[in-house]
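Each remark here refers to the structure printed beneath this line.
What follows draws every value from the coordinates through simple rules; no lab data is involved. Quick caveat, the model's predicted, so the values are computed rather than measured. Glycine also receives a Cβ, built like all others from the backbone with ideal geometry; neighbour counts cover every protein chain displayed.
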Amino acid sequence: MALEINNVLSWVLFCLAAMISTIFLKHRKSCYRMKWKLPPGKMGLRLVGETLEFYKAQRNNRLFEEFVEPRIAKYGKVFKTSLMGSPTVVVNGAEANRFIFSNEFKLVISSWPSSSVQLMGRNSIMEKQGDQHRFLRGLVTSCLSGASLEALVPKICNAVRLHLDKNWLGKDVVSLYRSTKLLTFTTVFECLLGINVEPQMLGTFERVVEGAFAPPINFPGSKFSREKKARVKISKMLEKIVAEKRKATESSLEGEEKRDMLLSRMVAAMVRGDLTEEEVIDNVILLVFAAHDTTSFAIAMRFKMLAQHPHCYSTILQEHVDVKNAKEPSEKLALGDVKKMEYTWQAARESIRLFPPIFGSFRKAVADIEYEGFTIPKGWKVLWTAYGTHYNEEYFQDPLRFDPSRFEEFIPPYIFLPFGGGPRTCAGYQLAKLNILIFVHYVVTRYNWSLIHPNESITMDPLPVPSKGMPIKISPKLS
């Protein structure tokens, strides 16, 4: 569940354990004041900084409104704080995003919480820099472009149709969010990686995700300890799968279709000596974490907006009826059909603008950085936020209004950032797009539906989720 009181206490213990280094940092901070001009802001309480305020706002899913925005009003778009034991500079706006993303691997590097690194894996792409990062990213994107992307569309169509037949047929109510979590999990494993989903796999992976932002206190009974055990279980399962895949690769027993799937390409790289087994396993875990939770939330918010804006829904429905009528009854979609869903994608992007699946992400300064007349000292964290542009009237007029027509025009770089930016832009962006568009197609052409709780709130767990799982009433459409 979202960060609760025991997590806060764990953070206090964690900060106390780091007291010596904190005192050292405090001494360095006084040196910084004398030597450089730091951004305005306050570092909060000794040891814990402003972490409690940060988590309180995050738990309410109002991190930007309750934590970032008031500080922007008081200090400006660049301000300092202290979060999770680290002095941090928060930056906002398109120019700040451009500066951070264009200096990836130069002035800043990715910096995730210790718990995320331990659970996702120290050998995953999120911890790689430079050439190692580019190599791993190239493996993923090679499966999501050109002929590989075309081949992926009918696989996802089949997965969606099977999912709806198995989990929606004969039911009056389904949990949209829970249903899409299972579907996107299956899509990542079976359509992209080429791994058959076994019972209980989703539950085990979800336990790891729940601990990704928990305090890294590994004592018996702690949240982090439970998630570490789940991580070990997943690793053992993947070790067996990778061993079998390696055997098939070395003996040339795999068919061409299997060889084109991501896990096969990663194992082939392992056989060549370009990757280690640990790198393969860690990146599979990270890919599942990055792909299925965020996409599920994006789909849920897409339907929330459709329910609240009937005119938009009517336009989307007609777009999909036109696509359907151009196909044979049992014919799967092709990539060309997906490309015709232009208005659906505009509306999806507008939903994601209003409800970005990620708040932003941390970087770490690897050198003293001069920005906007301030110094960001080496070793400090830097936090950029998607909301800093998504909710800013400078970039989007009347930013809280749902308006898909915004995306009829070109959006300049560094403004719309639900998938990050720069070298670390989400490598699975195309997979997320296909999942959203294909799922919407089959639901709106097969089912009548309505939200049971139109004003359902969003909570953090640790990523944003509909508080009630977004249950919807459904009834099949007559052919």
Mind checking which aspartates and glutamates have their Cα closer than 13 Å to the Cα of LYS37? Skip sequence neighbours fewer than 8 apart in that chain. ASP368, GLU370, GLU372
Global form of segment 282-324, assessed from the alpha-carbon gyration tensor, a/c cut-off 1.5: oblate
How far apart, in nm, are two points set 7 Å out from the Cα along the Cα-to-Cβ line at ASN392 and at ALA248? 4.8
THR204 versus GLU66: modelled label distance in nm, points set 7 Å from Cα along the beta carbon direction: 3.6
In whole angstrom, how far apart do the alpha carbon centroids of segment 354-408 and segment 191-232 sit? 29
Would you work out which of LEU434, PHE54, THR180 lies farthest towards the positive end of the dipole of the chain, given +1 charges on the beta-carbon of Lys and Arg and -1 on that of Asp and Glu, about the Cα centre? PHE54
Could you tell me the center-to-center distance, by alpha carbons, between segment 435-452 and segment 267-285 in angstrom? 37
Provide the three semi-axes, in whole Å and in decreasing order, of the ellipsoid equivalent to segment 104-204 as defined by the square roots of 5 times the Cα gyration tensor eigenvalues. 32, 19, 11
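Going by how many other beta carbons lie within 10 Å of each one, how would you line up ASP322, ASP282, fewest first?
ASP322, ASP282
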What is the sum of charges, Lys and Arg at +1 and Asp and Glu at -1, for the other residues whose Cβ falls under 10 Å from the Cβ of VAL91? 0
Kindly put LYS364, LYS236 in sequence by how many other C-beta atoms sit within 10 Å of each C-beta, fewest to most. LYS236, LYS364
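If you rank SER175, SER450, SER251 by fewest surrounding Cβ atoms within 10 Å, what's the result?
SER251, SER450, SER175
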Among ILE358, VAL242, LEU119, which residue has its Cα furthest toward the positive end of the charge dipole of the chain, with +1 on Lys/Arg Cβ and -1 on Asp/Glu Cβ? LEU119
Separation in nanometres of the label points that stand 7 Å from Cα toward Cβ, at GLU278 and SER114: 1.8
How long are the three semi-axes of the equivalent ellipsoid for segment 357-406, computed from the Cα gyration tensor as the root of 5 times each eigenvalue, in whole Å, largest first? 30, 13, 6
